[in-house]
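The values are calculated or read from the model by the stated rules, or taken from the named source; none is laboratory data. If you're wondering where the values come from, they're calculated on a predicted model, not measured in any experiment. Cβ placement follows ideal geometry from the backbone for every residue including glycine, while neighbour counts extend to all protein chains displayed. These area figures cover heavy atoms from the full protein model, side chains too; ligands, DNA and RNA do not enter into them. Shrake-Rupley method; radii C 1.70, N 1.55, O 1.52, S 1.80 Å.
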Amino acid sequence: MSNKHVALYSLEWGLSDAIPIFNGGLGTLNGCLLYSFADLGYPVVGVGLMYHKGFLQQRIVDNRQYSLPVSWKPEEQGFELQQQKVRVRVYGQEVTLGSWKKKVTSPVSGKSVDLILLDANFPGNENPGWVKESSDFLYDDRFKQAHNVMLGFGGSAMLQALGYDVSTHHAQEGHAAALMLRLLLEKGWDEKAV
């Protein structure tokens, strides 16, 4: 890839209702940003996590709310499983992350930018059960810190593995706070000095 890219990191990406990897406002904003950057021709790549069961599907029955998993297949929504893998340490264990890539094409200009979703439960993986389960749902409180580490450390490592030349990293909210630590470590920062 010849252009320097700006990488946007977030846990939510609202591209369409058929891709249930967002909850609301933040995801919708991020989806709009990707479409706008495509229209403007900016070299931007979005980075997030794959959630195989989406956020949730809400049903109201007899005045009670029920949350149900969403069933969807990334390949049916234009995502392609990539061959590259990266490893990160999460809770002291080595975790292997795969990724899915989608060209996000603006319906206005026809131009596109890429979205990369990291996946801890990609086909054929050998991750422990809890790691695979972490790729089920968006905002599963049991995996909040794991998601932040996977996105922050795994996201920048995956972009390197996929050949992106990133000049600027932008973390939406605190989701990719671990990214800042990874970037400091890459620059030779000595964590023992703190």
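Given the criterion modelled with pLDDT of 90 or more and loosely packed, with under 12 Cβ neighbours inside 10 Å, identify the matching residue among S167, S156.
On inspection, the qualifying residue turns out to be S167.
Against the definition (closer than 20 Å to W100 by Cβ, in contact (Cβ under 8 Å) with a residue 12 or more places away in the chain and open to solvent by 50 Å² or more (accessible area, probe 1.4 Å)), how does L8 come out, yes or no?
No.
Run N30 past the list (1) without any contact (Cβ under 8 Å) to a residue 40 or more places away in the chain; (2) under 21 Å from M158 (Cα atoms) and report the number of the one that doesn't hold.
Result: N30 passes all but (1).
Quick one: in segment 58-74, which of the residues that are of a type outside the set (A, V, I, L, M) and touching a residue at least 24 places away in the same chain (Cβ under 8 Å) is least open to solvent (accessible area, probe 1.4 Å)?
Among residues in segment 58-74 that are of a type outside the set (A, V, I, L, M) and touching a residue at least 24 places away in the same chain (Cβ under 8 Å), the one least open to solvent (accessible area, probe 1.4 Å) is P74.
If you take the residues in segment 133-144 that are touching a residue at least 40 places away in the same chain (Cβ under 8 Å) and of a type outside the set (A, V, I, L, M), which one is nearest to W100 (Cα to Cα)?
Restricting to residues being touching a residue at least 40 places away in the same chain (Cβ under 8 Å) and of a type outside the set (A, V, I, L, M), the top hit is S135.
For segment 3-69, which strands (runs of 3 or more DSSP E) that fit wholly inside it have 1 or more residues that are more than 20 Å from L118 (Cα to Cα)?
4-9, 57-61, 64-68
If you take the residues of segment 24-57 that are open to solvent by 10 Å² or more (accessible area, probe 1.4 Å) and aromatic (F, W, Y), which of them is farthest from the chain's Cα centre (by Cα)?
Applying the filter and picking the extreme gives Y42.
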